[in-house]
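Single-structure report; data block below.
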Amino acid sequence: MLSKKKAMAVLAAASLVCAGLASAQAPSTQSKTTTTTTATPVAGQSTIGVAVVEMESVIAGWSVAKDILKKNVLNDKKEKIGTISDIVITPNPDARLPSASYAIIGVGGFAGIGKHDVAIPMQQIKLQHGSLVLAGATKDALKALPKFEYRRR
């Protein structure tokens with residue numbers, strides 16, 4: 001059972017997160033102000049969760065499930081050149097946490113048969129007018145890249 005003090009802290013944290021979600025989702029005609037609220041520490045642990053100031057960034061980010069996986073990749077001529085089948089997360093020596101580093105793009109084939117998977121750095125893929133675009137690429141250029149194969153464990 002939570003003590004009264006812990007219950008109040010949990011309620012305060014939940015209200016901050018909900019306020020952050022509401023303000024990040026609701027369009028505002030007022031000028032935006034910067035808040036310095038941070039995530040709430042959990043008893044006996046370091047800070048957990050997303051601070052209110054970070055929520056807008058989370059909401060504006062890409063969702064792997066909704067925005068990337070199984071989506072077509074186009075070139076700058078609006079030709080379909082493949083489909084994203086996976087995202088590879090690798091350690092990042094310049095950051096504290098791993099990051100989404102590579103998109104695995106399936107090229108060619110029909111219904112998954114004869115598909116050629118290739119790894120493309122995420123920073124090469126741009127979101128343009130609601131489409132994932134790999135500028136300068138063609139199906140033939142992607143097929144010429146080394147085939148990506150998962151490591152057997």
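Being more than 10 Å from Ile81 (Cβ to Cβ), surrounded by 11 or more Cβ atoms within 10 Å (Cβ to Cβ) and not hydrophobic (A, V, I, L, M, F, W, C) is the filter here, so list the residues in the stretch 122-143 that pass it.
Result: Gln124, Lys126, Gln128, Ser131.
If a residue has to be farther than 15 Å from Lys80 by Cα and over 16 Å from the mean Cα position of the chain (by Cα) to count, how many in the stretch 97-116 make the cut?
4
Condition test on Lys6, is it at pLDDT below 55 and of a type in the set (Lys, Arg)?
When the stated conditions are applied, Lys6 passes them.
Quick one: how many residues across the stretch 79-88 are exposed (fewer than 13 other Cβ atoms within 10 Å of the Cβ) and part of a strand (DSSP E or B)?
So the first thing to find is which residues in the stretch 79-88 are exposed (fewer than 13 other Cβ atoms within 10 Å of the Cβ), and the list is 79-80.
Right, trim to part of a strand (DSSP E or B) and you get 80.
Within the stretch 79-88, residues that are exposed (fewer than 13 other Cβ atoms within 10 Å of the Cβ) and part of a strand (DSSP E or B) number 1.
So, in the stretch 97-144, exactly how many residues are closer than 18 Å to Asn72 by Cβ, in a loop (DSSP other than H, G, I, E, B) and not hydroxyl-bearing (Ser, Thr, Tyr)?
Total meeting the criteria: 13.
Of everything in the stretch 90-109 that's out of contact with any helix residue (DSSP H, G or I) (no Cβ under 6 Å at 6 or more places or on another chain), of a type in the set (A, V, I, L, M, F, W, C) and modelled with pLDDT under 90, which residue is least open to solvent (accessible area, probe 1.4 Å)?
Result: Ala95.
Does the stretch 50-78 hold any residues that are surrounded by 12 or more Cβ atoms within 10 Å (Cβ to Cβ) and either assigned to a loop (DSSP other than H, G, I, E, B) or among the basic types (Lys, Arg) (or both), and which are they?
Within the stretch 50-78, Val50, Ala51, Trp62, Leu69, Lys71, Asn75, Asp76 meet the criteria.
Condition check: surrounded by 15 or more Cβ atoms within 10 Å (Cβ to Cβ) and of a type in the set (Gly, Ala, Ser). Does Ala119 satisfy that?
Yes; evaluated as a whole, the condition is true for this residue.
The values are calculated or read from the model by the stated rules, or taken from the named source; none is laboratory data. Worth saying up front: this structure is predicted, and the values here are computed from it rather than measured. Cβ sites come from the backbone with ideal geometry, for glycine too, and all protein chains shown count toward neighbours. All accessible areas refer to the heavy atoms of the entire protein, side chains included, with ligands and DNA or RNA removed. Shrake-Rupley method; radii C 1.70, N 1.55, O 1.52, S 1.80 Å.
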